[in-house]
Amino acid sequence: MKKKLLMILFGMFSVLFAACSGDDIKNYPLGPSGDEIKLSKKEASFTAESSTITITTEYKGWWVNGFSLDKVRIDKGTVNLLAENFIFKNDVFEVEKKNGNTLIITMSKNTTGTERILNIGLQSGNYFDNINITQSK
């Protein structure tokens, strides 16, 4: 009888201890949630003519996740988007990263007759951001 009572008390104490200690773990953040990159500009509008914009950041430890044009992901090929300096080119746009904190984005003349939207995904640890460029038709 004493053995059963001790087992029940031990079981209740274990459940209580586990339940209380679990609350502390829930409150820990999974990673930074603030703006780690600090872009000088997140959106731009271009005319249909060939246009260029330079965007800077306060922080250098970020990288480019990738590109999409009109919601279609663009293959980065062999370009190392994690590098501090790179140039990515295709028929429609060019993105150059310089000195780890500058992006120079150029779009060719839009002769398609429809608006084009370029999205550039950026990441720093657990923080994600985007640059959206809209080019008129």
When (1) modelled with pLDDT of 60 or more; (2) open to solvent by 80 Å² or more (accessible area, probe 1.4 Å); (3) part of a helix (DSSP H, G or I) are applied to L9, the one that fails is (1)
Can you run down the residue pairs with Cβ atoms below 7 Å, 6 or more apart or on separate chains, where the first is in the stretch 114-137 and within 14 Å of E49 (Cβ to Cβ) and free of Cβ contacts under 8 Å to residues at least 60 places away in the same chain and the partner is among the aliphatic types (A, V, I, L, M) and in a strand (DSSP E or B)? R116/L69
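In the stretch 56-77, what count of residues is obtained for those that are touching a residue at least 24 places away in the same chain (Cβ under 8 Å) and open to solvent by 20 Å² or more (accessible area, probe 1.4 Å)?
So the first thing to find is which residues in the stretch 56-77 are touching a residue at least 24 places away in the same chain (Cβ under 8 Å), and the list is 56-71.
So of that shortlist, the ones also open to solvent by 20 Å² or more (accessible area, probe 1.4 Å) come out as 56, 58-61, 63, 65, 68-71.
So the count comes out to 11.
Looking only at the stretch 114-130, how many residues end up being in a strand (DSSP E or B), more than 12 Å from E43 (Cβ to Cβ) and open to solvent by 40 Å² or more (accessible area, probe 1.4 Å)?
Keep residues of the stretch 114-130 that are in a strand (DSSP E or B), which gives 116-124, 127-130.
Right, trim to more than 12 Å from E43 (Cβ to Cβ) and you get 116, 121-124, 127-128.
Still in the list and also open to solvent by 40 Å² or more (accessible area, probe 1.4 Å): 128.
Final tally of qualifying residues: 1.
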For the stretch 89-104, state whether one or more residues are exposed (fewer than 12 other Cβ atoms within 10 Å of the Cβ) and among the β-branched types (V, I, T). no
Take I133 and decide whether it is touching a strand residue (DSSP E or B) at 6+ places or on another chain (Cβ under 7 Å), surrounded by fewer than 16 Cβ atoms within 10 Å (Cβ to Cβ) and in a strand (DSSP E or B). no
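The values are calculated or read from the model by the stated rules, or taken from the named source; none is laboratory data. Remember, predicted model here, so these are calculated numbers, not experimental data. Here Cβ is always computed from backbone atoms with ideal geometry, including for glycine, and neighbour counts include all displayed protein chains. The protein model used for the area step is the full one, side chains on, heavy atoms only, and it has no ligands, DNA or RNA in it. Shrake-Rupley method; radii C 1.70, N 1.55, O 1.52, S 1.80 Å.
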